[in-house]
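The values are calculated or read from the model by the stated rules, or taken from the named source; none is laboratory data. Everything quoted here is computed from the prediction, not taken from an experiment. Reconstructed Cβ throughout: ideal geometry from the backbone, glycine too, with neighbour counts over all protein chains shown. Accessible surface areas use protein heavy atoms only, side chains included; no ligands, DNA or RNA. Shrake-Rupley method; radii C 1.70, N 1.55, O 1.52, S 1.80 Å.
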Amino acid sequence: MAIPAPSRPPSPTGSPGIRTGSSGRPGDREPAGGGRPDLPPRPDRPALSAPSGRSVRHLGPNWYACVMGTAIVASAGAALPLPFPWLRGVYEALWALSAMMLAALLAARAAHWGRHRDQARRHLLDPAVAPFYGCLPMALLAVGGGALAVGPGILGERVAVAVDAVLWSAGTVSGLTVAVTVPYLMITRHRNGPGSAAPAWLLPLVPPLVSAALGPALVPHLPAGQAREAMLLGCYALLGMSVLGTLIVLPLVFARLLRHGPPPLALTPTLFLVLGPLGQSTTAVGNLADAAPGAVGAPYARAMSAFAVLCGVPVTGFALLWLALAAALVVRAFRAGLRFAMTWWSFTFPVGTCVTGAASLARHTGLTAFTWTAVALFALLVTAWLAAWIHTALGLVRGTLLVPPARPMPDSGTPDDRPATAPLPATV
């Protein structure tokens, strides 16, 4: 049943039903039924109904972060040289959980696009939500990489390779699509004002980097010669796409912090998203160096191994600096009253990439300092994952997460010229 709008005095021209619409601009016409409760709603503009905590209408693309955060715990744990064989079973269980979560979310998001296409289009036109479409390809890639890292114990070697190949291919194609489409929308349709630069802007640019980091694991399973070399160098090209894009966006994010101060409380955890391209690039150059001997000539393989250290160490240093800064701002936010929001999943996958990056440096340098750094970051990752998982489960049980956003979404075809705020930051 349509919710009648509050009564308003008639306009000077006597035309009823003309007021500021969902885009926030004067002159937008109120949908039929909004100001005239006696008229039925138009079929192409569904009437508002009481919010439901079980509907997929407000299931945004940011939910794929739950899959990413769960899968990275398994993959990062498997990369650590910990002397506890029983942990292998834990990692396998976590990977299986992430695979089931991915299947459930793919089905739910398909239902979202099928039943609520108007809302899905509005997500693409919302500058705060559209960047989170980068989470879909990263979820595919994270589960695919976990299939080869820890999945053989469950699936067997051949099936694990096939699963990784399919998910890596799907994640890479969708990641390249997102890396072009979302920036295109940001340029042509979104209207971002001064001070609207956000760490989430990195999300559409990171999927090719994840492909570059996980693709080398498939190199030994390809035919020797051209196929392996093409795969290896193709991953280097994917690495360059994301790294150069990150170098463009990251200064905007830092300048926004310096000029406009900390982000809103619910968005403070997204500062950890900056760690994603940093840790993932270190992981990528290390994994590419590991795969190089069987794909390219010895001189190139030695150069790639040296590059893994010369590039990885400085980037890891900056990642630790950013981690300290972001952690200080998060502590400040907690003291100011930060409550759980889906943005808490920003604590998981980016930290996990730093774990795999530090573990890669430990392999290439032999320094135990990097091993202990990876172990300490892994402890932080597990703590963050437990906190995000428990609160998310409680929010789903209580029905407080799948609710309408706190602010109206831009109407289809009408870009929102307000600064980006939050990707559906439901709190519990």
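Numbers below:
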read-out	value
Cα-based convex hull, segment 60-202, per residue volume (Å³, whole number)	108
Solvent exposure ordering (accessible area, 1.4 Å, most first) of Glu92, Glu157	Glu157, Glu92
Label-reachable residues, segment 137-154, where backbone N falls under 19 Å from a point 7 Å from Val173's Cα toward its Cβ	137-145
Per residue accessible area of segment 173-301, 1.4 Å probe, in Å²	40
Per residue accessible area in Å² of segment 75-155, where ligands, DNA and RNA are left out and the probe is 1.4 Å	37
Gyration tensor (alpha-carbon) shape descriptor, segment 177-221, a/c threshold 1.5	oblate
Pairwise label distance in nanometres, Ala162 with Ile248, each label 7 Å out on the Cα-Cβ vector	4.0
Label point 7 Å beyond Cα of Thr368 along Cβ direction - residues of segment 79-105 with amide nitrogen under 15 Å	81-83
Descending semi-axes in Å of segment 252-404, equivalent ellipsoid built from Cα gyration tensor	34, 17, 14
Cα gyration tensor category, rounded, prolate or oblate, for segment 237-292 with a/c compared to 1.5	prolate
